[in-house]
Amino acid sequence: MRPELLSPAGSPEALRAAVQNGADAVYLGWGTFNARQGAKNFSDAEFADALLYCHERGVRVFLTLNTLVTDRELPRALDTAAAAARLGVDAVLVQDWGLFLLLRQMLPDLPVHASTQMSAFTAGAAKLLAADGCERVVLARECSAADTAAICAACPAEIEIFAHGALCMCYSGQCEMSALIGGRSGNRGRCAQPCRLPYAAVGGKKGNPYPLSLKDNCMAASLEEAAEMGVSCLKLEGRMKRPEYVAVVTRIYDRLLSEGRGPTAAEAAELEAAFSRSGFTDGYWQGHTGKDMFGTRPAGAADPRELFEAAKAAYEKGDMRTVGVDLSCTVAAGVPCTLTAADRDGHAVTVTGPVPEAARTRALTGADLEARLRKTGGTAYRCETVVTAVDEGLSLSASAVNGLRRDALAALTAARTAPPARRLLPQPPAPEDTCSAAEPALTVSVARRDQLTEDLLSLGPARVYVPLEVLADMDALPAGRTEWCAALPRVWRDRDEETLRSWLERAKSLGVTGALLGNIGHVPLTEGLGLTRYGDFGLNVFNSRSLEYLRRKGLQGACVSFELRFSQIRDLAKCLPAEAIVYGRLPLMITEHDLTAGGVTALRDRTGAEFPLLSAFGRRTEIQNSRPLWLADRTDWRRLGLAHARLRFTTETAAECVRVFRDYLTGAAPEGTFTRGLYERGVE
């Protein structure tokens with residue numbers, strides 16, 4: 001079965017380009033809650049017109065509501081979804097857990113797709129989202145063919161993957177680089193793409209000056225493989241691209257899918273000419289990483305004028321995408337003529353016209369009538385078959401036949417574009433703030449075994465988070481009265497889960513009683529182990545309803561997003577005990593690539609700022625901010641209702657960990673360079 005071809009529509013013109021060139025569906029932004037705020041997007045009138053234009057031609061429309069939303073923004077996001085549902089949108093893409101929960105409760109008939117911003121890359125995550133009402137799950141771009149096949153086999157929901165277009169260096173939904181460096185959040189649709197800038201390697205050999213800039217993805221040679229494993233939808237990235245780009249890429253992928261083949265040399269050249277960064281890569285799909293995946297696009301690179309001009313001229317004619325119809329017309333003496341129009345999707349309409357008159361000269365024949373009915377030029381339809389039944393000796397004017405045809409096609413359009421009936425249920429009561437605390441207790445997270453010292457533990461951290469892979473190499477926990485928690489790897493694969501569960505069982509035998517979950521796939525992974533489970537920053541808790549969603553998943557607490565302002569954290573209805581990071585180098589990226597190869601310890605940007613690199617589970621890399629967050633000398637974070645406040649130790653020595661903890665107990669002023677984070681300035 002052919003997968004759905006999903007094309008980007010960053011503007012009304014790009015939408016027409018996609019539809020005319022063979023897209024089965026388009027995704028677009030309407031309103032302020034979509035992950036491409038830099039695209040032109042759609043006004044209210046344009047959005048309504050887009051639905052009519054697409055549905056008339058048999059193309060589905062998906063609305064992107066895939067950003068994090070605050071408590072104050074949730075009502076507007078819900079209003080947007082409800083309005084889109086009334087207009088007949090086919091699905092909404094969602095990232096935010098609170099919005100997801102409310103959509104399932106209030107708009108149960110509106111299909112919801114789990115955005116790639118939810119960071120789903122395991123079968124467990126996909127099955128959980130399906131059980132919660134997601135019709136489709138968009139997988140992380142980093143998933144290989146083997147990963148995808150396993151998820152398709154295990155998950156009852158549809159699986160969507162990215163087939164072509166830009167690749168982010170970081171797992172989608174986990175990137176904080178743009179937010180922390182410039183205040184423009186990728187989780188809010190404002191990414192400034194600092195990953196495309198040059199960085200120098202620190203501590204190793206000089207290498208690629210653009211170590212965070214990946215080539216564009218191209219799966220044109222693997223479409224049949226994806227279809228055979230059960231992938232339901234192939235997404236083309238590019239809502240920020242020109243309509244001509246959308247036209248060229250959609251046309252080629254539609255042809256490849258229709259003909260069940262890979263690209264010719266000429267088609268591959270057109271794809272590269274339309275847009276590329278030093279060529280393409282399919283490294284993730286093939287299950288490998290490496291230097292051949294990286295590339296840049298020269299500044300001022302020219303668009304392919306002739307290719308784009310030809311593409312524009314073709315889609316502007318508007319006749320490349322038509323719907324086949326079967327017409328059946330009866331012209332009988334003494335009764336109004338009738339015309340039935342039926343498409344191949346199950347819609348059929350019948351309209352009536354005038355009573356035919358007796359012919360004075362030449363009588364109407366079936367062939368004459370058919371020829372007139374077939375004149376569907378300028379519409380979205382083409383005649384497949386025409387059946388006529390004409391009594392002898394009758395006359396029906398050309399204008400009457402034309403009017404009959406127009407009325408029938410208009411009625412068919414109305415049937416094809418009619419919005420489905422959908423319920424809008426009352427909003428459930430807001431969660432109660434039952435877990436606010438007068439002042440937070442300090443917790444610590446460590447990155448290495450040597451940071452766990454008796455001196456640190458003697459200071460009395462309420463909870464200690466230790467990477468699970470570190471715990472796996474420990475024979476005993478250090479002495480100290482605290483709650484020990486295993487911090488699960490932020491990224492893993494299905495094939496790792498048996499090992500991770502065995503490590504958790506061993507950690508329990510050492511005295512670990514809790515687990516820190518940074519991904520929704522951790523929920524099924526930790527089921528039945530008897531551990532107290534807490535949510536980490538990777539779950540992007542941005543509003544009170546997200547806390548409620550995680551409480552329903554069995555979590556006993558959660559770390560809120562460090563993109564929130566203090567005032568927004570204060571106003572959260574804390575139906576779970578809430579935690580915030582108040583010290584440490586905040587993580588900018590988690591990437592599939594091993595950036596530490598060759599002894600590289602950090603990346604240096606053009607200003608001289610150095611961003612430390614930490615190895616992560618599976619030979620991945622986590623990039624840290626250049627400056628640590630420091631709030632010890634502030635008191636406002638102590639009055640937000642937080643139950644816990646975390647000191648996040650990454651590159652610190654054991655002695656520095658102890659000093660920082662003491663400074664937070666005494667309220668000491670910072671030393672050296674530091675940042676206050678986003679707690680005051682917030683993000684766009």
Number of positions in the range 656-674 that are touching a residue at least 60 places away in the same chain (Cβ under 8 Å) and either surrounded by fewer than 17 Cβ atoms within 10 Å (Cβ to Cβ) or of a type in the set (A, V, I, L, M, F, W, C) (or both): 6
If I ask for residues that are surrounded by fewer than 18 Cβ atoms within 10 Å (Cβ to Cβ), among the aliphatic types (A, V, I, L, M) and more than 16 Å from Gly514 (Cβ to Cβ), which ones from the range 434-458 would you list? Ala437, Ala438
Please verify whether the range 195-218 includes one or more residues that are closer than 30 Å to Thr70 by Cα and part of a helix (DSSP H, G or I). yes
Selected residue [within 24 Å of Val59 (Cβ to Cβ) and surrounded by 14 or more Cβ atoms within 10 Å (Cβ to Cβ)] from Thr376, Thr330, Thr338: Thr376
With respect to the numbered conditions (1) modelled with pLDDT of 95 or more; (2) open to solvent by 20 Å² or more (accessible area, probe 1.4 Å); (3) farther than 30 Å from Gly599 by Cβ, which one is the sole condition not fulfilled by Thr289? (3)
Do we find a residue being assigned to a loop (DSSP other than H, G, I, E, B), farther than 30 Å from Gln105 by Cβ and either open to solvent by 40 Å² or more (accessible area, probe 1.4 Å) or in contact (Cβ under 8 Å) with a residue 40 or more places away in the chain (or both) anywhere in the range 412-433? no
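Given the structure, is Cys383 surrounded by 15 or more Cβ atoms within 10 Å (Cβ to Cβ) and in contact with a Ser or Thr (Cβ under 8 Å, 6 or more places away or on another chain)? Steps first, answer last, please.
Numbers: surrounded by 15 or more Cβ atoms within 10 Å (Cβ to Cβ): yes; in contact with a Ser or Thr (Cβ under 8 Å, 6 or more places away or on another chain): yes.
Yes, satisfied.
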Find the residue count for the range 619-639, including only residues that are under 31 Å from the mean Cα position of the chain (by Cα) and either open to solvent by less than 40 Å² (accessible area, probe 1.4 Å) or more than 23 Å from Lys205 (Cα to Cα) (or both). 10
Filtered residue count, the range 487-517, keeping only those that are within 24 Å of His288 (Cα to Cα), in contact with a helix residue (DSSP H, G or I) (Cβ under 8 Å, 6 or more places away or on another chain) and of a type outside the set (Lys, Arg): 6
State all residues of the range 134-149 that are more than 17 Å from His288 (Cα to Cα) and open to solvent by 30 Å² or more (accessible area, probe 1.4 Å); if no residue qualifies, say none. Glu135
Anything in the range 550-574 that is touching a residue at least 24 places away in the same chain (Cβ under 8 Å), open to solvent by 10 Å² or more (accessible area, probe 1.4 Å) and not in a loop (DSSP other than H, G, I, E, B)? List them, or say none. Arg551, Arg552, Phe566, Gln568, Arg570
From (1) farther than 27 Å from Thr666 by Cα; (2) surrounded by fewer than 17 Cβ atoms within 10 Å (Cβ to Cβ); (3) touching a residue at least 40 places away in the same chain (Cβ under 8 Å), pick out the condition that doesn't hold for Gly511. (3)
Would you please list the contacts, defined by Cβ atoms under 6 Å and residues six or more apart or on different chains, that run from a residue in the range 371-392 that is under 23 Å from Ala50 (Cβ atoms) and in a loop (DSSP other than H, G, I, E, B) to a residue that is aliphatic (A, V, I, L, M) and modelled with pLDDT of 95 or more? Thr379/Leu409; Ala380/Val323
Over the range 471-504, the set of residues open to solvent by 30 Å² or more (accessible area, probe 1.4 Å) and within 22 Å of Pro524 (Cα to Cα) is Arg490, Asp494, Arg495, Asp496, Glu497, Glu498, Thr499, Arg501, Ser502, Trp503
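What about Leu678, is it modelled with pLDDT of 95 or more and surrounded by 19 or more Cβ atoms within 10 Å (Cβ to Cβ)?
Working: modelled with pLDDT of 95 or more: yes; surrounded by 19 or more Cβ atoms within 10 Å (Cβ to Cβ): yes.
In short, yes.
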Read through the list (1) under 22 Å from Thr413 (Cα atoms); (2) in contact with a Lys or Arg (Cβ under 7 Å, 6 or more places away or on another chain), then give the number of the only condition that Thr67 fails. (1)
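Kindly evaluate Ser232 against the criterion of being of a type in the set (S, T, N, Q), out of contact with any helix residue (DSSP H, G or I) (no Cβ under 7 Å at 6 or more places or on another chain) and either at pLDDT 95 or above or open to solvent by less than 10 Å² (accessible area, probe 1.4 Å) (or both). Give the steps one after another, and end with the answer.
On the way: of a type in the set (S, T, N, Q): yes; out of contact with any helix residue (DSSP H, G or I) (no Cβ under 7 Å at 6 or more places or on another chain): yes; either at pLDDT 95 or above or open to solvent by less than 10 Å² (accessible area, probe 1.4 Å) (or both): yes.
When the stated conditions are applied, Ser232 passes them.
From the list Glu56, Glu13, which residue is acidic (Asp, Glu) and within 25 Å of Ala166 (Cβ to Cβ)? Quick ask: steps written out before the conclusion?
Details: Glu56 fails: within 25 Å of Ala166 (Cβ to Cβ).
Selected residue: Glu13, the only one of Glu56, Glu13 that is acidic (Asp, Glu) and within 25 Å of Ala166 (Cβ to Cβ).
Counting only residues that are over 21 Å from Phe121 (Cα atoms) and in contact with a strand residue (DSSP E or B) (Cβ under 6 Å, 6 or more places away or on another chain), which one in the range 514-546 is most open to solvent (accessible area, probe 1.4 Å)? Can you show your working first?
So in the range 514-546, the residues over 21 Å from Phe121 (Cα atoms) come out as 514, 528-532, 542-545.
Next, from what is left, pick out any that are in contact with a strand residue (DSSP E or B) (Cβ under 6 Å, 6 or more places away or on another chain): 514, 531-532.
Values: Gly514: 0, Leu531: 22, Thr532: 48 Å².
The selected residue is Thr532.
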Restricting the search to the range 258-277, which residues are surrounded by 18 or more Cβ atoms within 10 Å (Cβ to Cβ) and either under 23 Å from the mean Cα position of the chain (by Cα) or of a type in the set (Ser, Thr, Tyr) (or both)? Phe275, Arg277
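Please verify whether the range 58-65 includes one or more residues that are modelled with pLDDT of 95 or more, small (Gly, Ala, Ser) and farther than 14 Å from Ala9 by Cα. Give the steps one after another, and end with the answer.
At the first step, the residues of the range 58-65 found to be modelled with pLDDT of 95 or more are 58-65.
Retained after the next criterion (residues that are small (Gly, Ala, Ser)): 58.
When the remaining residues are screened for being farther than 14 Å from Ala9 by Cα, the result is 58.
Yes; the residues of the range 58-65 include at least one that is modelled with pLDDT of 95 or more, small (Gly, Ala, Ser) and farther than 14 Å from Ala9 by Cα.
When you go through Arg463, Arg449, Arg506 one by one, which is the residue that is closer than 26 Å to Leu640 by Cα and among the charged types (D, E, K, R)? Walk me through it before giving the result.
On the way: Arg449 fails: closer than 26 Å to Leu640 by Cα; Arg506 fails: closer than 26 Å to Leu640 by Cα.
The unique qualifying residue is Arg463.
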If we take the range 442-537, then strands (runs of 3 or more DSSP E) inside it with 3 or more residues that are in contact with a Leu (Cβ under 7 Å, 6 or more places away or on another chain) and under 22 Å from Gly173 (Cα atoms) are 514-517, 532-535
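For the condition under 17 Å from His593 (Cα atoms) and in contact (Cβ under 8 Å) with a residue 60 or more places away in the chain, what is the one hit in Leu167, Leu180, Leu197?
Values: Leu180 fails: under 17 Å from His593 (Cα atoms); Leu197 fails: under 17 Å from His593 (Cα atoms).
Matching residue, one of Leu167, Leu180, Leu197: Leu167.
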Check Leu212, Leu197 and return the single one that is touching a Phe, Trp or Tyr at 6+ places or on another chain (Cβ under 8 Å), open to solvent by 30 Å² or more (accessible area, probe 1.4 Å), within 30 Å of Ile623 (Cα to Cα) and aliphatic (A, V, I, L, M). Leu197
Expected single match for in contact (Cβ under 8 Å) with a residue 60 or more places away in the chain, crowded, with 23+ Cβ neighbours inside 10 Å and under 28 Å from Gly98 (Cβ atoms) among Pro577, Pro587 is Pro587
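Could you please let me know if Val349 is part of a strand (DSSP E or B), under 30 Å from Ala14 (Cβ atoms), touching a residue at least 40 places away in the same chain (Cβ under 8 Å) and not basic (Lys, Arg)? It would help to see each step written out before you state the result.
Numbers: part of a strand (DSSP E or B): yes; under 30 Å from Ala14 (Cβ atoms): no; touching a residue at least 40 places away in the same chain (Cβ under 8 Å): yes; not basic (Lys, Arg): yes.
So Val349 does not fit the description; no.
The values are calculated or read from the model by the stated rules, or taken from the named source; none is laboratory data. This is a predicted model, so every value here is computed, not measured. Backbone-built Cβ (ideal geometry, glycine too); neighbour counts: all protein chains shown. To get the accessible areas, we keep the full protein, side chains included, count just its heavy atoms, and leave off ligands, DNA and RNA. Shrake-Rupley method; radii C 1.70, N 1.55, O 1.52, S 1.80 Å.
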